[in-house]
Every structure is written in structure tokens, then in C-alpha cells.
Amino acid sequence: MEVRDLDCLYEPCPIPLIKAIKELKTLNSGDILVVHSDQSCVGAVIVEWAEQNNYPVKLVETNVGEWEVYIQKP
Amino acid sequence: MMQWLKKPWPYWIGGVLLGLLNVVLLALTGSAWQVTGGFLLWGAGVLELLGFRPFEWEFFKIYDYKFGEIILHHNIFINKYTILNIGVVAGSLAATLLASQFRLKKAKNIRQAMFALLGGIMMGYGARLTGGCNIGSFFSGIPSFSLHAWVFWIFVILGAWAGVNVLKRFLV
């Protein structure tokens with residue numbers, strides 16, 4: 001199982017979501033993608049997208065105004 | 001820290017609140033919410049300080065009903081539009097501080113900074129051609145039964161479509 005980081009700090013919506021979708025295509029089933037972001041809306045849209053597409057997802061606020069979104073490829 | 005400020009609110013709650021606040025603003029001040037009119041005055045004010053005479057331009061004759069008194073009384077930099085814009089910044093700052101999400105952001109790289117600058121110039125120029133931005137021309141225009149707000153809306157959608165394609169091509 002691979003865990004891959006995707007640095008999306010300082011990037012506004014919807015760039016992190018588009019990047020995450022692209023990155024997930026290159027991962028295998030069971031692998032986890034960690035998206036790093038500093039925008040509250042990024043976590044919200046990625047969680048919404050993941051739930052609609054049945055990807056297990058978890059949003060963690062790791063620091064003041066900084067988030068990590070964990071997405072697992074089903 | 002306030003939990004109800006931590007997560008982005010649904011669009012419909014924001015829309016309803018903005019609509020109600022705009023009605024209150026209109027009732028109190030006699031004009032609906034607008035943003036870029038204030039920046040226009042600032043820009044023209046800076047040109048005036050540099051020795052130009054922007055307020056004699058044809059452009060300001062069209063908007064005399066709006067800016068005439070402000071220009072006449074030399075309130076170019078501090079006027080009701082400035083107060084509204086300061087309010088927007090102060091309100092956003094208060095919300096992000098209360099949610100403990102305040103953070104200074106940097107540009108990711110030169111490319112992002114250049115696109116942001118280019119986009120800002122295009123938005124500013126476009127706002128002058130249409131007589132306002134998303135707020136003044138669209139958000140305050142539709143409830144005013146202004147036909148131009150609907151034309152604005154169609155072209156904003158076309159512009160957003162073009163913008164998404166530029167974004168996908170150059171920024172992802």
C-alpha cells in the first residue's frame with residue numbers, strides 16, 4: 001500500500017481537486033492520497049467529491065488554517 | 001474558537017444572508033452594495049495626484065449621478081464605497097480570526113503570481129466596461145430589475161467557462 005503526498009498549499013479551488021483526481025488515477029486500489037491545503041473550501045469540495053464517488057475520505061485540520069485530506073482509492 | 005465558523009456554510013445560507021443584508025444596506029444608505037466603484041475612485045485619485053485630470057474625462061460624466069458629489073467634495077479616497085470595502089475586509093478578517101484559521105498566504109510560484117496579476121487587470125478593466133463587478137452589476141443588479149445584469153450574467157458564465165479552460169491548461 002502506497003501513501004502519496006500532494007502539496008497543494010497556496011493553491012485555490014478548484015486546482016487541488018483537479019490535481020487530486022489526476023493523481024488518484026495513477027494510484028492502485030487501497031493506496032492513500034494525502035492532499036495538503038491551506039484553504040477551508042478545498043477540504044469541503046474534495047470531501048464532497050469523494051463521497052459522491054464512493055472514495056473513503058477523511059479531513060483533518062492539522063494546524064491553524066491548514067488541512068490534510070486523506071483519500072483512499074477503493 | 002467558534003465551531004459554527006469553522007466550516008464553509010452552504011451556498012443557500014450565504015445567498016439568503018447576503019440578500020437580506022443588501023436590502024438593509026439599501027434601506028439605510030439609499031444605494032445597493034457595490035465594490036469596484038470605490039477602487040475606480042482610488043485609481044482616478046492616484047492619477048490626479050500624479051498630475052492627470054481624470055475627473056474631466058467623458059467617463060465620469062456618465063457616472064455623474066453616482067460619483068458627482070463625492071468628486072465635488074474631494075472625498076476621493078474616503079467615501080461610502082471605501083467604508084463598505086473596509087467593512088468587507090474587516091468582516092472577513094473577524095470571521096477567519098474567530099474560526100482560528102487566519103494564515104498569511106504566499107504565491108505558489110511566479111507563474112501563479114503572473115496569472116493572478118493578469119486576471120486582476122482583466123477583471124478591473126471588465127468591471128469598468130460593465131459598470132461594476134459581480135456585486136454591483138450582478139448581485140445588486142438582478143434585484144433592481146436591471147436588464148444589463150442579465151446580459152452581465154450570460155457573459156460571466158462564458159468568461160468562467162473560458163477561465164476554467166485557461167486554468168486547466170496552464171495552472172494544474
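No value in this document is a laboratory result; all are computed from the given coordinates. Values in this document were obtained by computation on a predicted structure and should not be read as measured data. Counting neighbours? That spans all protein chains shown, and the Cβs are built from the backbone with ideal geometry, glycine included.
Quick rundown of the values:
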item	result
Range of Cα positions in the stretch A:3-72 per principal axis (Å), largest first	32, 21, 20
Set of aspartates and glutamates near B:K106 by C-alpha distance (under 17 Å), chain-local residues within fewer than 8 positions excluded	A:D7, A:E11, A:D38, A:E66
Axial C-alpha extent at least 18 Å, average Kyte-Doolittle at least -1.0 - helices from chain B (DSSP)	B:11-29, B:36-49, B:80-98, B:110-130, B:147-170
Descending semi-axes in Å of the protein assembly as shown, equivalent ellipsoid built from Cα gyration tensor	40, 20, 18
Cα-based Kirkwood hydrodynamic radius, the stretch B:48-131, one decimal, Å	16.3 Å
Cross-link partners of A:K22 among lysines (Cα-Cα below 16 Å; sequence separation of 8 or more within a chain)	A:K73, B:K168
Sequence of B:M123, B:M2 once ranked by neighbouring C-beta atoms within 10 Å, starting from the fewest	B:M2, B:M123
DSSP-loop chymotrypsin sites (Phe, Trp or Tyr not before Pro) across the stretch B:73-169, with at most 11 other Cβ within 10 angstrom	B:F145
Antiparallel content of DSSP bridges confined to chain A, in %, to 5	70 percent
Cα gyration tensor of chain B - equivalent ellipsoid semi-axes, whole Å, descending	28, 23, 20
Sequence of B:D64, A:D38, A:D31 once ranked by neighbouring C-beta atoms within 10 Å, starting from the fewest	B:D64, A:D31, A:D38
When each of A:K58/B:K108; B:K80/B:K108; A:K25/B:K108 is checked by Cα-Cα distance, pairs over 30 Å	B:K80/B:K108
